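Please treat every number below as a calculation from the coordinates, not as lab data. For clarity, every value in this text was computed on a predicted model and none was experimentally measured. Note that we place each Cβ from the backbone using ideal geometry, even for glycine, and neighbour counts take in every protein chain shown.
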């Protein structure tokens, strides 16, 4: 880091300027990484659109659908194609801390300008708290626009059956997965 923690916002404002694109990862019809397509896309982003930065292997890049080696290869290609044209910031987060460190070191070694690491997904809370949350979101909302509290009526249509269906689906999910959450 070339700045103190207290200077992080100012450093980010100075370095993250212009138009940045969160890019998708192209796949072949067989489901493999399309390296030629990725190179073509990168040339379009940098030469035609003249973007200032590329965010790769993130949510838009479907990181969850890529193997670790494919993620590394995407970063390599993006950095190669972006060299001297725009900045790069790959997503290097993973469920495993060791994998996150490996992916981040790899991004640094191949020349990525930055890296983004997100918190790993965590398992949901207890069945009781998760169920309570689902039931709470299903209840009719209260409106205070008239000064007092009153229940808004849910329109009677085919859509009104949807919340019940969702709750039934969640109940089925809980009964099947209860043993997995312990």
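Given the Cα-Cα distance of residue 24 and residue 98 and 0.36 nm per residue of separation, how much length would full extension add, in nm? Intermediate results must be reported in sequence, preceding the final value.
Numbers: separation 74, 0.36 × 74 = 26.64 nm, distance 2.51 nm.
Between residue 24 and residue 98, full extension yields an extra 24.1 nm.
Kindly give Rg over Rh for the range 15-110, based on alpha-carbon atoms, with the Kirkwood expression for the hydrodynamic radius.
On the way: Rg = 12.8 Å, Rh = 13.4 Å.
For the range 15-110, the value is 0.95.
Pop the C-beta distance of residue 59 and residue 14 into the FRET formula with R0 = 22 Å and round what comes out to the nearest 0.05.
For R0 = 22 Å, the calculated efficiency reads 0.30.
With a 10 Å Cβ neighbour count serving as the proxy for reagent exposure, in which order, fewest first, do 83, 72 appear?
Details: 83 11, 72 20.
Listing 83, 72 from fewest to most nearby Cβ atoms yields 83, 72.
Given points 7 Å out from each Cα along the Cα-Cβ axis, report the residue 5 to residue 69 separation in nanometres with one decimal.
Simple spin-label model gives 3.9 nm for this pair.
Order by neighbour count: 78, 117, 19, 110, fewest other Cβ atoms within 10 Å first, most last.
Ascending number of Cβ neighbours within 10 Å: 19, 117, 110, 78.
When 16, 114, 55 are ordered from fewest to most other Cβ atoms inside 10 Å of their Cβ, what list results?
The fewest-first ordering by Cβ neighbours comes to 16, 114, 55.
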